[in-house]
2 protein chains.
Amino acid sequence: MRIIVIEDEKHLNDILHDYLKDTFENIVVDQVYDGDDALEFLQEYTYDVILLDVMLPHTDGFEIAKTIRETSKTPIIMLSAYSDEDNQIRGYNLGIDEFVKKPYSPKLVMKKIEAIINRYSGNNPLGLSSYGILKYDLTTYKMFVLDEEVYLNPKEWELFNIFIHNIGVVLSRDTLLNKAWGYDYFGDDRTVDTHIKRLRQKLKSAGDYIKTIYKVGYSFEK
Amino acid sequence: MRIIVIEDEKHLNDILHDYLKDTFENIVVDQVYDGDDALEFLQEYTYDVILLDVMLPHTDGFEIAKTIRETSKTPIIMLSAYSDEDNQIRGYNLGIDEFVKKPYSPKLVMKKIEAIINRYSGNNPLGLSSYGILKYDLTTYKMFVLDEEVYLNPKEWELFNIFIHNIGVVLSRDTLLNKAWGYDYFGDDRTVDTHIKRLRQKLKSAGDYIKTIYKVGYSFEK
DNA sequence: TCCGATTGTGACAAATTATTGACAATTTTA
DNA sequence: TAAAATTGTCAATAATTTGTCACAATCGGA
């Protein structure tokens, strides 16, 4: 197993390094202290997990996450002193896997790493998929927004299911009626709007993943 | 895979060469240092990607890009010290695919190459078309000007749709009214002008792709 | 170069479309 | 079967888009 710690505060970087060495057998830990070095290491090696601080000299964490995600799905755990929701959302929208607020307990970070490794290695108790700030399981009907569970009604699941399988596609109200209510259903266009409203509310900050395409319909995208 | 690096600074050329060799398996990298040689190589071989510096002896990068685009659609990544928008616009108008400002990190260039290769090899999530500095998708109603997303209203999409399918054709206000508003529409000629104004504003620097043909109408061309 | 015709533009009003809340109907649950 | 939860309808309200106009800027021929 190989993990890279991208964190400019040498002290924190060392703490993480030590915990990693203690917690996992056969682990290689690379320590880098600025964004540019990070990119070079990422170029060179393949990692199982990336620990990434947001505040970095030269290239910041968001930039790095973006660059990584252009070509790879390596799990990223983002570490940030800015614990505000906007930063979290921004991170998740770039495709990171976990967000840990500073000051964090190194033990918590180790737990998250274990969870991620389990998840990726297949023995995943909750088979959670994720999209932006959402984590969900279409088989067990579980939905989390920023790790907080929310409960969707059947019709809301149906809509979400359609959307998540048609990311970026513009779906007219008619299409949605057909797909979610069936072709024989005879009902009001506006009913779709009402359910969209309810789904948006339940998805909270992710509510605006559902875009309104004026005069056309709706489309789902982070 | 075969890539050509057209860059007169030997040092930079070598760096790119080395990174390419390290990053990609089974790659052939041709290095040339001036415009005329470049044209000869381009004549001789077929490339997967072309890395092209703007400042070159003899024939400059823009000239070369133009020549290439007369006969081929091989992806071109342009490298330029002149990071100003005008050069970018000029490059995109010649039909290049990506523009990277100097000083660039070679990692970033590699990432762009990977992204381009993915895009061309079919697994392209957004089916974006492009025209000059515009990238757009008529089915998902997405429009990007110099990679920045802008939002068009329905009537603006309709106009754009007409224009993009009639490049270089002069369309009278009447024709536009008929095509975008329908033959039964009874309204003012000048309404077209207003919508043209709005479309131009939204397309920003690409606004002047819409030419006014005095006393006749409008035509769309970069 | 000047002048009338043509086009560009900002402001506003009208029209269209979307969002929302309230409530009734329906379905599910206990 | 009653209570609770979900779903569908609808109309009021909000938001956005569209059309018109008046005036400014520009064009091209005399």
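The values are calculated or read from the model by the stated rules, or taken from the named source; none is laboratory data. This one's a predicted model, so the numbers in the text were calculated from it and none came from an experiment. Please note: Cβ atoms are built from the backbone with ideal geometry, for glycine as well, and neighbour counts cover all protein chains shown.
Odds and ends about this structure:
- Of the residues making up segment A:132-161, those that are among the β-branched types (Val, Ile, Thr) and either closer than 16 Å to A:Ile210 by Cα or within 13 Å of DNA strand C (Cβ to nearest atom) (or both) are A:Ile133, A:Val145.
- Subset tally (residues that are over 13 Å from A:Ser219 (Cα atoms) and not hydrophobic (A, V, I, L, M, F, W, C)) for segment A:141-173: 11
- Hey, B:Asp208 in contact with a strand residue (DSSP E or B) (Cβ under 8 Å, 6 or more places away or on another chain) and under 30 Å from B:Phe62 (Cα atoms) or not: no
A quick yes/no check of all residues on (1) surrounded by 15 or more Cβ atoms within 10 Å (Cβ to Cβ); (2) without any contact (Cβ under 8 Å) to a residue 12 or more places away in the chain; (3) more than 15 Å from the chain's Cα centre (by Cα):
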| residue | (1), (2), (3) |
| --- | --- |
| B:Phe24 | yes, no, yes |
| B:Val29 | yes, no, yes |
| B:Leu42 | yes, no, yes |
| B:Thr46 | no, no, yes |
| B:His58 | no, no, yes |
| B:Thr71 | no, yes, yes |
| B:Ile76 | yes, no, no |
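- Restricting segment A:202-222 to residues that are without any contact (Cβ under 8 Å) to a residue 12 or more places away in the chain and part of a loop (DSSP other than H, G, I, E, B), the residue that is farthest from the other protein chains (Cβ to nearest Cβ): A:Tyr214
- Considering A:Val54, A:Val49, A:Val32, the condition of being touching a strand residue (DSSP E or B) at 6+ places or on another chain (Cβ under 6 Å) and within 14 Å of chain B (Cβ to nearest Cβ) is satisfied by A:Val32 alone.
- Cβ-Cβ contacts under 6 Å between residues 6 or more apart (or on different chains), taken from a first residue in segment A:168-179 that is within 17 Å of A:Glu156 (Cβ to Cβ) to a second residue that is aromatic (Phe, Trp, Tyr), are listed as A:Leu171/A:Tyr218.
- Condition check for A:Lys204: within 13 Å of DNA strand C (Cβ to nearest atom), within 21 Å of A:Asp97 (Cα to Cα) and at pLDDT 90 or above: yes
- Residues located in segment B:1-36, provided they are touching a helix residue (DSSP H, G or I) at 6+ places or on another chain (Cβ under 7 Å) and not in a strand (DSSP E or B): B:Glu7, B:Ile15, B:Leu16, B:Tyr19, B:Thr23, B:Ile27, B:Tyr33, B:Gly35
- Restricted to segment A:101-201, the set of strands (runs of 3 or more DSSP E) holding at least 3 residues that are away from chain B (no Cβ under 14 Å) and more than 16 Å from DNA strand D (Cβ to nearest atom) comprises A:134-137.
- B:Tyr47 meets the conditions (1) more than 14 Å from B:Leu79 (Cα to Cα); (2) touching a helix residue (DSSP H, G or I) at 6+ places or on another chain (Cβ under 9 Å); (3) in a helix (DSSP H, G or I) in every case but one. The failed one is (3).
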